[in-house]
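The values are calculated or read from the model by the stated rules, or taken from the named source; none is laboratory data. Every value quoted in this text rests on a predicted model; they were computed, and no experiment measured them. Positions of Cβ are backbone-derived with ideal geometry, glycine not excepted, and every protein chain shown enters the neighbour counts. To get the accessible areas, we keep the full protein, side chains included, count just its heavy atoms, and leave off ligands, DNA and RNA. Shrake-Rupley method; radii C 1.70, N 1.55, O 1.52, S 1.80 Å.
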Amino acid sequence: AAGWEYPGIAVLAADAPQVAIVGAGPAGIAAAYHLRRQGMVAVMFDALAEAGGLMRSAIPMTRLPRAVLDAELERIFALGIELRLRQVLGRDFSLEELVQDHAAVFLAPGCQRSRPWDVQGVVPAACRDGLDLLKEWIAVGEVPAARKVVVHGGGNTAMDIARVMKRHGAEEVHLVTASGLPGPDTAADDVLNVVPRELAEGSEEGIVLHPHATLQRLLMRGSQVVGVEMVSLRKLAGADGRKTRVAFEGTERILQADMVIPCIGEQVDPAGLGVLVDTSGYLRVSEHGSVAGHERLFAGGDARGDRGT
């Protein structure tokens with residue numbers, strides 16, 4: 001669009017250094033923009049057919065209209081950033097090849113793999129996590145049919161899939177979260193991490209919220225879930241002074257459910273990254289973003305293990 005061009009971007013010199021960027025999501029796109037501002041060549045690699053990362057593949061169009069996303073990406077790539085799509089790290093190219101062929105490599109793979117989930121070692125048959133279901137819904141417009149749904153976890157992914165399931169015909173959708181709801185009785189670091197508008201609209205649509213609670217047991221008929229036992233949580237200080245969430249005996253109650261959707265967070269897919277992904281499921285980097293032991297390797301975005309600290 002006219003007037004959307006970025007000002008002050010220098011013409012690339014013939015000997016400008018090339019930097020490879022793995023991942024065309026928010027972190028990778030931001031890195032490419034700033035590299036161009038500094039007069040460097042940015043070459044982006046992404047596994048998907050279009051740029052945008054989870055902004056395109058998992059955030060509902062109601063929260064991020066695709067016309068807006070496309071317009072923003074168009075003016076970014078108009079700066080002369082090279083984009084190579086359908087390129088999977090570990091399949092189509094290796095990290096070693098990128099390091100060898102470029103002045104530096106910036107890793108921005110995001111968190112594409114959901115964390116393992118169970119309730120006392122039990123997982124229902126054909127269990128699907130919230131991120132996976134959101135990707136399916138955005139790609140094909142459908143989700144599995146269910147009458148009574150329990151979403152376990154917090155954050156925008158949990159609220160997004162809860163609203164999607166409700167809109168696709170679920171009679172009841174319950175969101176069970178260890179966090180609290182916004183209000184004077186909830187500490188700032190304990191508030192459910194959901195966009196306030198989404199929280200309000202979800203409640204208006206009939207999503208039943210169960211704050212300061214978790215799932216203690218799955219009620220099964222064979223390999224199929226038929227309900228859950230929920231229990232209340234409180235944050236109590238331990239002997240070391242640190243507060244932890246503790247289940248309160250006597251607060252158990254039962255919810256009927258024919259689908260439980262875990263939304264307990266995501267981690268980095270280790271494919272192609274090997275030992276760079278530590279046991280926590282993230283990339284460990286210095287405060288400046290460099291990967292330990294790798295002079296020309298950097299990382300950013302959700303994949304960083306120190307994000308938010």
Has segment 140-147 got at least one residue that is within 18 Å of GLU50 (Cα to Cα) and touching a helix residue (DSSP H, G or I) at 6+ places or on another chain (Cβ under 7 Å)? no
Among the residues of segment 277-297, is there at least one that is open to solvent by 70 Å² or more (accessible area, probe 1.4 Å) and not in a loop (DSSP other than H, G, I, E, B)? no
Hits in segment 200-244 - residues which are closer than 25 Å to ARG147 by Cα, out of contact with any strand residue (DSSP E or B) (no Cβ under 8 Å at 6 or more places or on another chain) and among the aliphatic types (A, V, I, L, M): ALA200
Let me spell it out: the conditions are (1) touching a Leu at 6+ places or on another chain (Cβ under 9 Å); (2) surrounded by fewer than 16 Cβ atoms within 10 Å (Cβ to Cβ), and ALA187 meets all of them except one. Which number is the exception? (1)
I'd like the full set of residues that are among the β-branched types (Val, Ile, Thr) and more than 17 Å from LEU85 (Cβ to Cβ), limited to segment 29-49. VAL41
Within segment 63-84, residues in contact (Cβ under 8 Å) with a residue 40 or more places away in the chain and more than 20 Å from the chain's Cα centre (by Cα) come out as ALA71, ARG75, ILE76, ALA78, LEU79, GLY80, ILE81, GLU82, LEU83, ARG84
Name every residue in segment 133-145 that is open to solvent by 20 Å² or more (accessible area, probe 1.4 Å) and either on the phi > 0 side of the Ramachandran plot or aliphatic (A, V, I, L, M) (or both), in order of residue number. ILE138, ALA139, VAL140, GLY141, VAL143, ALA145
Search segment 163-175 for residues being out of contact with any helix residue (DSSP H, G or I) (no Cβ under 6 Å at 6 or more places or on another chain) and in a helix (DSSP H, G or I), and hand back the single one that is surrounded by the most Cβ atoms within 10 Å (Cβ to Cβ). MET165
Let me spell it out: the conditions are (1) open to solvent by 40 Å² or more (accessible area, probe 1.4 Å); (2) within 18 Å of THR244 (Cβ to Cβ); (3) small (Gly, Ala, Ser), and GLY180 meets all of them except one. Which number is the exception? (1)
Residues of segment 114-153 satisfying the condition of being in a loop (DSSP other than H, G, I, E, B), among the charged types (D, E, K, R) and more than 24 Å from the chain's Cα centre (by Cα): ARG147
Matching residues, segment 127-140, being in contact with a strand residue (DSSP E or B) (Cβ under 9 Å, 6 or more places away or on another chain) and among the aliphatic types (A, V, I, L, M): LEU131, LEU133
Every residue in segment 246-304 that is closer than 21 Å to ASP129 by Cα, under 21 Å from the mean Cα position of the chain (by Cα) and charged (D, E, K, R), please. GLU266, ASP269, ASP302
